[in-house]
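Since the structure comes first, as structure tokens, the remarks are kept for the end.
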Amino acid sequence: MTMKQTSFTQAEFAAKKKRTRRERFLAEMEQVVPWSRLLKALSPHYYPDPRGKRGRPPIPLKRMLRMYFVQQWYALADEALEDAIYDSQALRDFVGIDLSVESVPDATTLLKFRHLLEKQAFT
């Protein structure tokens, strides 16, 4: 079992006194969005049949779905969402990205995910 170490940025962010409007909004959305139901409905369409498939494993569905919601809530283009997640610790925490071990999915990955949702009529 590996322990995840807190980065200096995360520690500094956690120690600040004031909770921002963005943090309050994201905390509320964490509670009201039916995440488990959405993940269950999308999973068969996002994770293809593994037989004969090659390449990198997909970015976790939970992360992509959260990024999609952030994009909709804040009316961000794909590139702007990518930048916003790099810029905001609150968004990184909500989406579940630790920049010390991984990068933010790029704009093309976001575009492909959005097209998948549109194709499956989830939007």
Subject >> Residue in the stretch 76-102 that is modelled with the lowest pLDDT, counting only those that are acidic (D, E) and surrounded by fewer than 18 Cβ atoms within 10 Å (Cβ to Cβ) >> reply: E102
Subject >> When residues of the stretch 61-102 are limited to those that are more than 19 Å from E30 (Cα to Cα), in a loop (DSSP other than H, G, I, E, B) and not aliphatic (A, V, I, L, M), the one farthest from the chain's Cα centre (by Cα) >> reply: S100
Original post:
Just checking, how many residues over the stretch 103-116 are under 12 Å from the mean Cα position of the chain (by Cα) and surrounded by 14 or more Cβ atoms within 10 Å (Cβ to Cβ)?
Top reply: 5
Original post:
Hey, does the stretch 52-59 have a residue that's part of a helix (DSSP H, G or I), at pLDDT below 95 and basic (K, R)?
Top reply: no
**OP:** Output the residues belonging to the stretch 23-40 that are in a helix (DSSP H, G or I) and either surrounded by 13 or more Cβ atoms within 10 Å (Cβ to Cβ) or among the hydrophobic types (A, V, I, L, M, F, W, C) (or both).
**Re:** E23, F25, L26, A27, M29, V32, W35, L38, L39
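The values are calculated or read from the model by the stated rules, or taken from the named source; none is laboratory data. What you are looking at is a predicted structure, and each value in this text was computed from that prediction instead of being measured. Counting neighbours? That spans all protein chains shown, and the Cβs are built from the backbone with ideal geometry, glycine included.
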